Structures are given as structure tokens and as C-alpha cells.
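Everything below concerns the one structure shown next.
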Amino acid sequence: MRSRPGSGKTAGVTDLRAAAHEHIERFNDAVRSGDYAPFLATFAQDAVMRFTNVPVGPYHGLDAIRRAYAEQPPTDTMSVRSIEDVDPATAAVAFDWDSGGPGTMTLCWRDGELAELTISFD
């Protein structure tokens with residue numbers, strides 16, 4: 001079981017708010033630096049990443065997710081508006097793209113790794 005710094009985790013349950021903030025911080029750092037390795041290291045090998053309201057994905061597995069970020073790296077960072085617990089392993093995040101426009105994401109962790117990520121462009 002892999003644990004991330006700053007994440008409180010017991011019996012496979014992640015501190016959702018801390019994990020969601022860390023996910024966004026790592027994403028923003030990756031966008032700014034162009035180095036997605038630390039961000040992608042938090043995903044499970046069998047992770048799934050989906051998008052709604054944009055014609056890309058879904059991506060199944062870490063290799064496919066890694067390729068997606070390499071082929072079409074994001075160009076905008078995001079700021080959190082709110083985080084809500086959905087269940088013991090899932091958080092819903094409302095965010096704003098820093099260049100403008102809202103979005104939401106649902107993050108689901110399993111054993112300290114990000115197993116599912118769904119991003120919606122509102």
C-alpha cells in the first residue's frame with residue numbers, strides 16, 4: 001500500500017480533503033514545470049480517467065493516462081472552490097480554471113492510490 005505525504009489514511013481510507021488538495025497541487029506543479037512524473041505517481045496501475053463535456057478519453061490504465069498527458073499536456077492550472085466527501089473513498093471537487101471557467105472532478109482512491117478520476121468542464 002502506497003501512502004502519500006500529508007495524507008492521513010487508515011484501513012485504506014484516505015483523508016479526502018488533504019488528498020484532493022494534494023492532487024490539485026501536484027497537477028498545478030506539473031502544468032507549471034512540465035514534469036508530470038510526481039503527479040502520475042499517485043495513480044493506481046489500473047486507474048481510469050474520464051472527461052465529460054470534452055471529446056477525449058476515457059483512459060484506462062496508468063500507461064494510457066501517462067500517454068494522454070504526454071501527448072496533450074494541460075496548459076492551465078486550477079483553484080479549488082470546494083471539496084465534499086461522497087463516500088469514504090471518494091471526493092467531489094469544484095474548481096475554477098485559473099484562466100477562467102468552472103469545472104468539477106470526482107476522485108476515488110483505493111489503497112492510497114488514485115483509482116478513478118472524472119473531470120467535467122462546466
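Just the number, please: percent antiparallel of the DSSP beta bridges in the chain, rounded to the nearest 5.
Here the antiparallel bridges make up roughly 80 percent for the chain.
Please rank SER120, SER33, fewest neighbouring Cβ atoms within 10 Å first, as an exposure proxy.
SER33, SER120
What full-extension length gain, to one decimal in nm, is calculated for ALA94 and ASP111 as 0.36 nm per residue of separation minus the Cα-Cα distance?
Extending this stretch completely gives an extra 3.7 nm.
Just the projected area, averaged over all directions, of the convex hull on the alpha carbon atoms of the chain: how many nm²?
Orientation-averaged projected area of the Cα hull: 6.8 nm².
Okay, which of the range 101-122 sit inside 20 Å, backbone N to the point 7 Å along the Cα-Cβ direction of VAL56?
In the range 101-122, the label zone of VAL56 (backbone N under 20 Å from the point 7 Å along Cα→Cβ) covers 101-108, 114-122.
Using 0.36 nm times the number of residues separating VAL80 and THR104, minus their current alpha carbon distance, what extension gain do you get?
Numbers: separation 24, 0.36 × 24 = 8.64 nm, distance 0.94 nm.
So the extension gain works out to 7.7 nm.
Length gain on complete extension for the stretch ASP122 to GLN45, per 0.36 nm per residue less the alpha carbon to alpha carbon distance?
Gain in length upon complete extension: 24.9 nm.
Taking Rh as the Kirkwood radius computed over C-alpha pairs, what is the Stokes-Einstein D of the range 52-114 at 4 °C in a medium of viscosity 1.567 mPa s, expressed in µm² per second? Working shown, then result.
Details: Rh = 13.4 Å.
Stokes-Einstein gives a translational diffusion coefficient of 96 µm²/s.
Measure off 7 Å from each Cα along the Cα-to-Cβ vector at ASP63 and ASP29, then give the distance between these two points in nanometres to one decimal.
A separation of 2.7 nm, rounded to one decimal place.
Read the figures in this text as sums done on the coordinates, not as results from a lab. Given the structure is predicted, the values throughout are model-derived calculations rather than measurements. Here the Cβ is made from the backbone with ideal geometry for all residues, glycine too, and neighbour counts use every protein chain on show.
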